[in-house]
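Worksheet: the structure to be examined is printed underneath.
Derivation of every value follows stated rules applied to the coordinates shown; laboratory data play no part. What you see is a predicted model; the values in this text were computed from it and never measured. All Cβ positions, even for glycine, are placed from backbone atoms using ideal geometry, and neighbour counts span all protein chains on display.
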Amino acid sequence: MKAVLLNGFGGREMLAIGEVPRPSPGENQLLVKVMATSVNRPDIIQRQGHYPPPKGESDILGLEVAGTIEQIGPGVSGWKVGDRIMGLVAGGGYAEYALAYAAHLIPIPDSMSFEQAACICETYITAFLNIFMIGGFQDGESALLHGGGGGVNTAAIQLCQTLTPNAKIVVTASAQKIERVKELGAHLVINYQEQDFAEEIKGYTAGQGVNLILDHVGAKYLAPNMAALAVEGRLVVIGVIGGAKAELNLALMMVKRQRIIGSVLRSRPVAQKGKITAEFANTVVPKLADGTIAPLISATFALDEVAEAHEMMEASKHFGKIVLRVGS
């Protein structure tokens with residue numbers, strides 16, 4: 001099968017189209033004929049050599065797929081060859097065929113294209129898991145979402161609007177994306193390049209702070225995040241692009257009864273990811289099916305244009321998702 005291969009770790013020049021053997025499904029797995037996949041920030045980090053796949057998983061890039069079932073492995077029931085599916089994979093999405101666990105797949109609603117479906121699982125499940133399942137976000141609370149127009153952040157704004165319509169949503173974004181983030185439904189957008197977001201939030205919340213923060217920056221933002229967090233607030237850290245080590249005032253955290261929660265999706269046990277996927281399917285997919293939530297596609301590239309797709313993400317030129325079209 002055709003797949004995107006890495007000729008070592010480094011820049012976009014390491015990406016190459018090549019031929020590799022088609023995998024065969026094992027216990028509780030299916031072989032998916034991939035019609036579309038998407039580019040996610042972890043793909044860039046893995047290409048650079050800093051985010052290896054979990055043991056036993058494909059070292060081909062790609063964390064989500066949309067396509068049809070090609071082959072069913074032992075122990076799988078409830079699916080048939082030809083079913084349209086979207087789902088999480090721990091690797092292997094940038095290829096004509098990919099292995100996926102049955103519990104990590106969701107039927108694609110009839111109203112959605114393969115390209116739209118390729119935008120859903122990695123970012124929307126990440127946002128749903130960390131804001132609602134882990135962060136316990138409730139209607140009427142306030143949240144700070146870092147990430148401007150990125151896939152997880154745009155998904156998070158949409159989910160908060162739909163599932164917690166009375167919540168207040170604050171977003172940090174670059175100057176060129178502020179208006180689009182406002183149009184998506186954020187109540188306050190802070191230009192992180194020019195403004196102190198902790199001070200802006202103090203003013204917006206009359207000194208109370210926000211109840212939840214979703215952060216992918218890490219160390220660089222730890223101190224201002226804690227300053228922006230309310231009493232009994234929750235900081236959910238899902239990335240460390242701004243560093244992995246920082247000092248923390250534990251006494252102040254204790255007095256304010258705040259919680260810091262670290263979270264990843266990719267390396268969770270298969271059964272746990274299955275439960276998360278099922279909860280997402282029950283709660284969110286009906287909203288996708290009826291159009292209440294619609295994925296934002298910033299650009300679509302052919303598989304052999306993968307270097308251009310990575311360039312767009314690295315330059316933060318996208319708003320929403322970057323899709324790779326694989327099959328036809």
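Quick look at the values:
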{"item": "The chain: most fluctuating residue of 153, 40, 166 per GNM, C-alpha cutoff 10 Å", "result": "166"}
{"item": "Excluding exposed DSSP-loop trypsin sites (Lys or Arg not before Pro) (at most 14 other C-beta within 10 Å), longest clean stretch of the chain", "result": "81-244"}
{"item": "Per-residue Cβ neighbour rank within 10 angstrom, fewest leading, 254, 226, 86, 312", "result": "254, 312, 226, 86"}
{"item": "Overall dimensions of segment 41-96 as given by Cα atoms, namely Rg and Dmax in Å", "result": "13.2, 38"}
{"item": "Rh (Kirkwood; distinct C-alpha pairs) - segment 7-124, Å", "result": "14.4 Å"}
{"item": "Relative contact order of the chain, defined on C-alpha pairs under 8 angstrom at six or more residues apart (%)", "result": "19 percent"}
{"item": "Selection of GluC sites (Glu not before Pro), segment 25-102, meeting DSSP coil and at most 15 other Cβ within 10 Å", "result": "27, 57"}
{"item": "Restraint check, 80/273; 2/287; 33/55, Cα-Cα greater than 25 Å", "result": "2/287"}
{"item": "Highest-MSF residue in the chain out of 309, 227, 246 [GNM, Cα springs under 10 Å]", "result": "246"}
{"item": "All lysines inside 16 Å of residue 321 as judged from Cα atoms, apart from same-chain residues fewer than 8 positions distant", "result": "177"}
{"item": "Cubic angstrom per residue, convex hull over Cα atoms of the chain", "result": "127 Å³"}
{"item": "For segment 167-207 versus segment 278-328, the gap between their alpha-carbon centres in whole angstrom", "result": "24 Å"}
{"item": "Reduced Cα scattering model of segment 161-272, Debye log10 I(q)/I(0), q = 0.23, 0.24 Å⁻¹", "result": "-1.42, -1.46"}
{"item": "Normalised contact order of segment 124-262, rounded percent, pairs of Cα under 8 Å and 6 or more residues apart", "result": "21 percent"}
{"item": "Gyration tensor verdict on segment 205-328 (Cα atoms; rounded if a/c is under 1.5, prolate if a/b is larger than b/c, oblate otherwise)", "result": "prolate"}
{"item": "Cα principal axis extents for segment 67-154, largest first, Å", "result": "45, 27, 25"}
{"item": "GluC sites (Glu not before Pro) lying in DSSP loop within segment 138-216, provided at most 14 other Cβ fall within 10 Å", "result": "194"}
{"item": "Euclidean distance between Cα centres, segment 87-116 to segment 242-273, Å", "result": "29 Å"}
{"item": "Ordering of 4-10, 206-212 by packing [mean C-beta count within 10 Å, highest first]", "result": "206-212, 4-10"}
